[in-house]
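A short write-up of the structure that comes next.
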């Protein structure tokens, strides 16, 4: 019965995605919007053809893991250190400013101080998926825009981890015996994970690759196994799976087969990213939208307008070219999948009201959609409807 349900769910998702993506291309709309719309249509709050999308949502996060792994494969450790040094100050200042904006708007709409705190925290981050999915591969790995975006998103991911740990230490969770990790844990866990990854790659994986590099199937399995092992290892020591996957990619980047692995895993990544956007649409309760539509629109407008301006100003002060600073700002002009996770954790621990959680979800979907429109129609990207802007 489960197998039938899963196969039927995949049939609905990918056949429906085919239909709506075709319509989107004919009408010159971003394909991402088609995936989100499909989730809303057939999900539990639409036609209820898929009533429990939790399994698919869990599977969809594998796409994010592969995305970060492939990103790491094209980044040498020495260049990563230089990028993080430049991006850290900009990322931290921008997080503080976005928190203040979100907190102030939530308070202005009569949300409680605790709700406003969580909403402000959720506004701090930009989407790794939207930002990197709409960035051409050549720009992502070989241009300044890609380097800055990677650095900013990585710092934001670390801040997000600390935020989740902070929220986990508050309120009362569902499990009474649940113990949250201390705030210092990520700062200890991260260097240990990097060191352990480096030693395993140097002492075990590279010798295996040299010995069996003629067997393409083995290399494919080795790459997936290493990526997911590091993802789970990071999760186990208090970090996130995404950071573990990125470190797995960076430490394997010195291998001569890094580019082969990146090309081999790209279709697998895209498969799971379709599930991610579908699950995002399916998880949104359309019946309650009227309760938060106006604050969601104001928050979304603030994010879409102010994030590019703030990044432009901060990066301009770091001697980056204005055109490049605007490019980065608009590509990061949305909130994040981490924002949705913050809303879930805070609601689960009775810190955030249902209305506050819905507000964050609505703002995420609005900014995901409109930010995609802005980038697809104005900047080079892999899914542009304009041939002049399409870059793989």
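The values are calculated or read from the model by the stated rules, or taken from the named source; none is laboratory data. Only a predicted model underlies this, so the values are computations on that prediction, with no experimental measurement involved. Positions of Cβ are generated from backbone atoms using ideal geometry, with glycine treated the same way; all protein chains shown enter the neighbour counts.
Can we say residue 263 is at pLDDT below 85, surrounded by fewer than 20 Cβ atoms within 10 Å (Cβ to Cβ) and part of a helix (DSSP H, G or I)?
Criteria met by residue 263.
When you check residue 353 against the structure, is it surrounded by fewer than 17 Cβ atoms within 10 Å (Cβ to Cβ), more than 17 Å from the chain's Cα centre (by Cα) and over 22 Å from residue 23 (Cβ atoms), yes or no?
Criteria met by residue 353.
Kindly establish whether residue 335 is at pLDDT 90 or above and surrounded by fewer than 22 Cβ atoms within 10 Å (Cβ to Cβ).
Answer is no for this residue.
Being loosely packed, with under 13 Cβ neighbours inside 10 Å and in a loop (DSSP other than H, G, I, E, B) narrows it down to one residue among 214, 210; which is it?
214
Checking the conditions here, which among 257, 221, 243, 237 is within 29 Å of residue 13 (Cα to Cα) and modelled with pLDDT under 90? So that I can check it myself, show each step before the final result.
Values: 257 fails: within 29 Å of residue 13 (Cα to Cα); 221 fails: modelled with pLDDT under 90; 237 fails: within 29 Å of residue 13 (Cα to Cα).
Step by step, each of 257, 221, 243, 237 is checked, and only 243 is within 29 Å of residue 13 (Cα to Cα) and modelled with pLDDT under 90.
Residues 274, 298: which one is assigned to a helix (DSSP H, G or I) and under 18 Å from the mean Cα position of the chain (by Cα)?
Among 274, 298, only 274 is assigned to a helix (DSSP H, G or I) and under 18 Å from the mean Cα position of the chain (by Cα).
Kindly provide the set of residues from region 110-136 that are under 17 Å from the mean Cα position of the chain (by Cα) and in a helix (DSSP H, G or I), ordered by number.
Listed by number, the residues that qualify are 121, 122, 128, 129, 130, 131, 132, 133.
Out of 280, 289, report the one residue that is crowded, with 20+ Cβ neighbours inside 10 Å, assigned to a helix (DSSP H, G or I) and at pLDDT below 85.
Sole residue among the options that is crowded, with 20+ Cβ neighbours inside 10 Å, assigned to a helix (DSSP H, G or I) and at pLDDT below 85: 280.
Are any of the residues in region 174-193 in contact with a helix residue (DSSP H, G or I) (Cβ under 7 Å, 6 or more places away or on another chain), at pLDDT 90 or above, assigned to a helix (DSSP H, G or I) and surrounded by 13 or more Cβ atoms within 10 Å (Cβ to Cβ)?
The answer is yes, given that some residue of region 174-193 is in contact with a helix residue (DSSP H, G or I) (Cβ under 7 Å, 6 or more places away or on another chain), at pLDDT 90 or above, assigned to a helix (DSSP H, G or I) and surrounded by 13 or more Cβ atoms within 10 Å (Cβ to Cβ).
Any chance you could count how many residues in region 142-161 are free of Cβ contacts under 8 Å to residues at least 12 places away in the same chain and either touching a helix residue (DSSP H, G or I) at 6+ places or on another chain (Cβ under 7 Å) or crowded, with 20+ Cβ neighbours inside 10 Å (or both)?
Number satisfying all stated conditions: 1.
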